[in-house]
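Accompanying notes for the structure given below.
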Amino acid sequence: MIDMNEMMKKAQELSETMKQQQEELAKQIFSVSVGGEMVKMTFNGKQEAISIEIDPEVVDADDIETLQDLILSAVNEGLRQSQQNM
């Protein structure tokens with residue numbers, strides 16, 4: 001016979017374990033750089049960008065597409081790394 005109290009207790013324990021794992025993951029930091037370190041970004045375990053550094057040499061009003069591509073690459077790489085650790 002199934003003991004409902006025992007099932008509820010196990011469900012609560014599982015919930016607490018998952019909560020702790022999510023909190024630990026949120027504390028992790030992932031740093032990426034692209035374009036020979038011209039664009040650097042940092043992400044947390046919640047897949048949030050928390051910082052970006054752009055080398056002034058890559059900022060060129062006549063070539064904004066390069067900067068856009070570098071930022072997009074950095075975002076995608078940071079998200080990829082944080083997803084691998086989930």
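Using a Förster radius of 30 Å, what is the FRET efficiency between I52 and Q21 based on their Cβ-Cβ separation? Nearest 0.05, please. Don't jump to the answer; show the numbers that get you there.
On the way: r = 28 Å, r/R0 = 0.92.
The calculated FRET efficiency here is 0.65.
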Around A11 (Cβ within 14 Å, Cβ-to-Cβ, excluding A11; K/R +1, D/E -1) the net charge comes to -1
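Test of understanding: ordering L14, L67 by Cβ neighbours within 10 Å, fewest first, what list do you get? Provide the component values of the computation, followed by the final result.
On the way: L14 10, L67 18.
Ordered by Cβ neighbours within 10 Å, fewest first: L14, L67.
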Simple spin-label estimate for D69/K9, 7 Å along Cα→Cβ, in nm, reads 6.1
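Going by C-beta contacts inside 10 Å, put K10, K40 in order with the fewest on the left.
Numbers: K10 11, K40 17.
Ranking K10, K40 by Cβ neighbours within 10 Å, fewest first, gives K10, K40.
Can you classify the chain as rounded, prolate or oblate using the Cα gyration tensor, where a ≥ b ≥ c are the square roots of its eigenvalues, rounded means a/c under 1.5, and otherwise it's prolate if a/b beats b/c and oblate if not? Display every interim value, and only then the final one.
Details: a/c = 5.52, a/b = 4.26, b/c = 1.30.
Prolate, since a/c reaches 1.5 and a/b exceeds b/c.
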Straight-line reach check, K9, cutoff 19 Å on alpha carbons, 8 or more apart in-chain or any other chain, hits among lysines -> K19
Longest principal axis of the chain (C-alpha) makes with the long axis of helix 4-27 (C-alpha) an angle, in degrees to the nearest 10, of 20
Neighbour-count ranking for T17, T66 (other C-beta within 10 angstrom, fewest to most) reads T17, T66
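Where a number appears in this text, it was derived from the coordinates with a stated rule and is not lab data. Please read all numbers here as calculations on a predicted model, not as lab measurements. A quick note on method: Cβ atoms are made from the backbone with ideal geometry, for glycine too, and the neighbour counts reach across all protein chains shown.
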